[in-house]
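Undergrad: Dumping the structure here so I can ask a few things about it.
The values are calculated or read from the model by the stated rules, or taken from the named source; none is laboratory data. Please read all numbers here as calculations on a predicted model, not as lab measurements. Cβ coordinates were reconstructed from backbone atoms using ideal geometry, including for glycine residues, and neighbour counts include every protein chain displayed. Ligands, DNA and RNA are stripped out before the accessible areas are found, and what is left, the full protein with its side chains, is counted by its heavy atoms. Shrake-Rupley method; radii C 1.70, N 1.55, O 1.52, S 1.80 Å.
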Amino acid sequence: MSRWREMSFGFVRRAALVAVFAAAVASGASAADKYPGVGRAATPAEVEAWDIDVRPDFQGLPKGSGTVEKGQEIWEAKCASCHGTFGESNKVFTPLIGGTTKEDVEKGRVASLLRPDYPQRTTFMKVPTISTLFDYIRRAMPWNEPKSLTPDEVYSVLDFMLNLAEIVPDDFVLDDQSIREVQKRMPNRNGMSTNHALWPGAGFGTEKKKADTANTACMKDCGGPVQITSTLPDHAWTAHGNLASQNRRIGPVRGRVTGNDDPDAIDEPGPAGFKLAQSAGCMGCHGLNNKIVGPSYVDVAAKYKDKDMLDTLVGRVVKGGEGVWGEAAMPPQEGASEGEIKTIVEWILAGAPGR
Amino acid sequence: MDDSKIPSALLGGRIRRAPENFLDGAAIGEVSKGRRDVLRASFAAAIAGIAAATRPAAAASDGDPDILELPPWSTSLGLPVAAVPYGMPSKYERNLIRRQSPGLTQVAGSSVAFAPLQGSFGIITPSGLHFERHHQGWQDIDPKRHRFMINGSAPGMVKTPLVFTMDDLMRLPSVSRMYFIECGANTGMEWGNVAVPTVQYTHGMLSCSEFTGVPLRLLLEMAGADLKRGKFVLAEGADGSSMTRTIPIDLVMSGEVLVAYGQNGEMLRPENGYPLRLVVPGVQGVSWVKWLRRVELGDKPYAAKDEAVHYVDLMPDGTHRQYTSIQECKSVITTPSGGQTLVDKGFFNVSGLAWSGRGKIRKVDVSFDGGKSWQEAKLQAPVQSKCLTRFTLNWNWNGERAILQSRATDETGFVQPNYRQLRAVRGTRSIYHNNAIQSWLVEPSGEISNVQVA
């Protein structure tokens, strides 16, 4: 297979090279002449396969259309497990929907962005351009299956999200034309500025813009009396583990002791189950002590304490499980053999010790 | 060699009295049977118990046992060449690794691992310690199947859209240059108040490498780019996220922007974009698109997800700044720093890093009194544009409370701001582009913590 790939590729390449040279000759001396044999012309099909970006002026937008109803089906099958039924979940990422009002839709400015107490900044509170969402969903979502949606499916699921965000009505058909109308209703469409000195070039007319701050290199008697205005909260000292174990064992300093593991320990044998759980990809969804997508291992151990669940749980991990811990399901686990999964589950049921 | 013949005193450890005292009965039995590793492990544990013993035990007798009694490494044969074909750090250095900040993100595939700046020397980040930031996990791409494409946003924007293999790119004339890379959100947790304990978590989304590659300018010229119409390029990754970012053509034409495959003398690490990434000196890390598969020349910016929803800076008036890219002048003291303890009173060589996305560092000043007075630090050579610069300053610590700060000035004359100045313009909710002066409080106990001052 790969041999075939290289051979046929060699053929395309030779043919294309001829085309490059022809173009170069026709246009007089070009940089391409300087490096004969390097690079080749892209075929139109190749450019089409990769050039999927969509700009705010909708250049690059594929033709197609979708409905809220179809979008809801896709959402429930392919998005809700991570983003929640209403795009409200912060289990895997910050919420996508919420924090915008009808008034925002009219004005194009999201009022809750002015409230420092507002708990989270959702996607729809920030995004000014509808093209951004189309482009991004098509290239990257679902997270675990990027680039699997057809343009029509992207239109539908985006239509559903717009409906959830109360930007379009239930019967709205989103297509490559109506999307331009939607742009005029994006809640934060007027909320962006490029008027700053942090863009390294032309393009926004900000070349002459001055930096935000103008400190001076005062050397003596600078400023008023020095006051400490903020210190590390107590809980944050231990939240990062033992700092003594995050510093070198020699030199002018040591790490402060904020935990009870041994900073001088040289080998970390660690339980076999823990190592396997890391290599088999279990830790992406389960924390030792914290719930991620699935329950924490400490909670699993507590739930099945003194119960003979080893084989049942091994079976659920191998085949996948759902309905025990909440809405999210665990897909069948293929990153480890059944024997290895047994070792992992034994370790989980033993309380999932980190060392 | 029969271990049981080795006098137990030769087995290592400076705080040696009677080693048997550290052993339980069973272990002593093992020792006398010649189980040297058991003894050694016990030693390690015993020494660990005496945490602050940093000075050689001023021996009651003739001197330091680590001198008087030859250690095993002086009296045995070492390991052969290529015992570890790809070398690894000493096992004694295992504390200095990339780490996540608990609770910062929900899933490790869209997260950050911070570089351990608290133990860094010089300006180069070892490739294995380079900070990580991924949006959709990382991939280890087969370089034989990797392709790089250049095209235009409209017909004629480039004369001939081109495709390059890695063979092609590596045949072209290359350049090697040292640049820093800093995530736009570095120090982002500290906008409102002190939040994390050490410089690894405050500033560890910062690394510096020598990168090798081909100027993007050359590749655009090969494609016959129309540089009158083309004002921006879009860079795009080959991974699941296919990260896209807009970059001004001016920067590309300066020749600084590289399509890079090399990092510190070897190929890029997969976590850093193997086999190909964009290098955009002075600009925040998100623009250094990893696993680079395509560059498009266009006449308008792209408003990609990470320039319209994230990497936008919230200002006090509720607007977001878009396309904030330059990493302005900044510095931090790495030794000593938050979460550390000075071993004793007396001499220290204070050391830290300074950098600017606008060019070279001109000078760095250090304060020991929270910014009332400052002394100019020494800059270690080389001092290069858009690269980390190491500064040092000698200090005799008299055991009194001190607040250490560093303040960098770059070649444009821009002086690193303090928190008051920065917040006056950008508020406290920006997340991105926090380049304020960092303060470390040293207590009389020698313990150091992260503080903010006014």
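Undergrad: Residues that are of a type outside the set (Gly, Ala, Ser), within 10 Å of another protein chain (Cβ to nearest Cβ), farther than 26 Å from B:Thr341 by Cβ and not in a strand (DSSP E or B): does segment B:107-116 have at least one?
TA: Yes, segment B:107-116 has at least one match.
Undergrad: Which is at the interface with chain A (Cβ under 8 Å from one of its Cβ atoms), under 25 Å from A:Lys209 (Cβ atoms) and at pLDDT 95 or above, of B:Pro301, B:Pro316, B:Pro281?
TA: Going through B:Pro301, B:Pro316, B:Pro281 in turn, the sole match is B:Pro301.
Undergrad: In segment A:186-205, is there at least one residue being assigned to a loop (DSSP other than H, G, I, E, B), more than 10 Å from chain B (Cβ to nearest Cβ) and loosely packed, with under 15 Cβ neighbours inside 10 Å?
TA: Checked against the condition, which is being assigned to a loop (DSSP other than H, G, I, E, B), more than 10 Å from chain B (Cβ to nearest Cβ) and loosely packed, with under 15 Cβ neighbours inside 10 Å, segment A:186-205 yields at least one hit.
Undergrad: So which residues in segment B:347-369 are outside any strand (DSSP E or B), in contact (Cβ under 8 Å) with a residue 40 or more places away in the chain and either surrounded by fewer than 22 Cβ atoms within 10 Å (Cβ to Cβ) or of a type in the set (Ser, Thr, Tyr) (or both)?
TA: Hits for segment B:347-369 are B:Ser356, B:Arg358, B:Gly359, B:Lys360.
Undergrad: For A:Thr229, all conditions in the list (1) within 12 Å of another protein chain (Cβ to nearest Cβ); (2) in a loop (DSSP other than H, G, I, E, B) hold save one; what is the number of the exception?
TA: (2)
Undergrad: Would you check which residues across segment B:229-257 are polar (S, T, N, Q) and farther than 19 Å from A:Pro142 by Cβ and list them?
TA: Correct list: B:Thr246, B:Ser254.
Undergrad: Continuing with the same structure: Any idea which of B:Thr334, B:Thr341, B:Thr324 is facing another protein chain (nearest Cβ under 8 Å), within 27 Å of B:Leu129 (Cα to Cα), open to solvent by less than 10 Å² (accessible area, probe 1.4 Å) and out of contact with any Pro (no Cβ under 9 Å at 6 or more places or on another chain)?
TA: Values: B:Thr334 fails: facing another protein chain (nearest Cβ under 8 Å); B:Thr341 fails: open to solvent by less than 10 Å² (accessible area, probe 1.4 Å).
Only one candidate passes the filter, namely B:Thr324.
Undergrad: Right, here's the next one. What is the residue count in segment B:167-189 for residues that are among the acidic types (Asp, Glu) and closer than 30 Å to B:Asp313 by Cβ?
TA: Residues that pass the stated criteria total 1.
Undergrad: Considering only residues of segment B:136-150 that are part of a strand (DSSP E or B) and open to solvent by less than 20 Å² (accessible area, probe 1.4 Å), which is nearest to B:Leu268 (Cα to Cα)? Break it down into steps so the answer makes sense when it comes.
TA: Taking segment B:136-150 as the starting set, the residues that turn out to be part of a strand (DSSP E or B) are B:147-150.
Next, from what is left, pick out any that are open to solvent by less than 20 Å² (accessible area, probe 1.4 Å): B:148-150.
On the way: B:Phe148: 16, B:Met149: 19, B:Ile150: 21 Å.
Taking the candidates together, the pick is B:Phe148.
Undergrad: Now for a different question. Which one of these is among the polar types (S, T, N, Q), surrounded by fewer than 20 Cβ atoms within 10 Å (Cβ to Cβ) and in the same structural domain as A:Glu88 (by TED's automatic domain parsing): A:Ser178, A:Ser230? Show your work before the answer.
TA: Values: A:Ser230 fails: in the same structural domain as A:Glu88 (by TED's automatic domain parsing).
After applying the criteria, what remains is A:Ser178.
Undergrad: Sort out which residues of segment A:317-327 are crowded, with 18+ Cβ neighbours inside 10 Å and in a helix (DSSP H, G or I), and write them in order of number.
TA: Scanning segment A:317-327 gives a single hit, A:Val317.
Undergrad: Right, here's the next one. Please count how many residues of segment B:408-445 are of a type in the set (S, T, N, Q) and touching a strand residue (DSSP E or B) at 6+ places or on another chain (Cβ under 7 Å).
TA: Summing the residues that are of a type in the set (S, T, N, Q) and touching a strand residue (DSSP E or B) at 6+ places or on another chain (Cβ under 7 Å) in segment B:408-445 gives 6.
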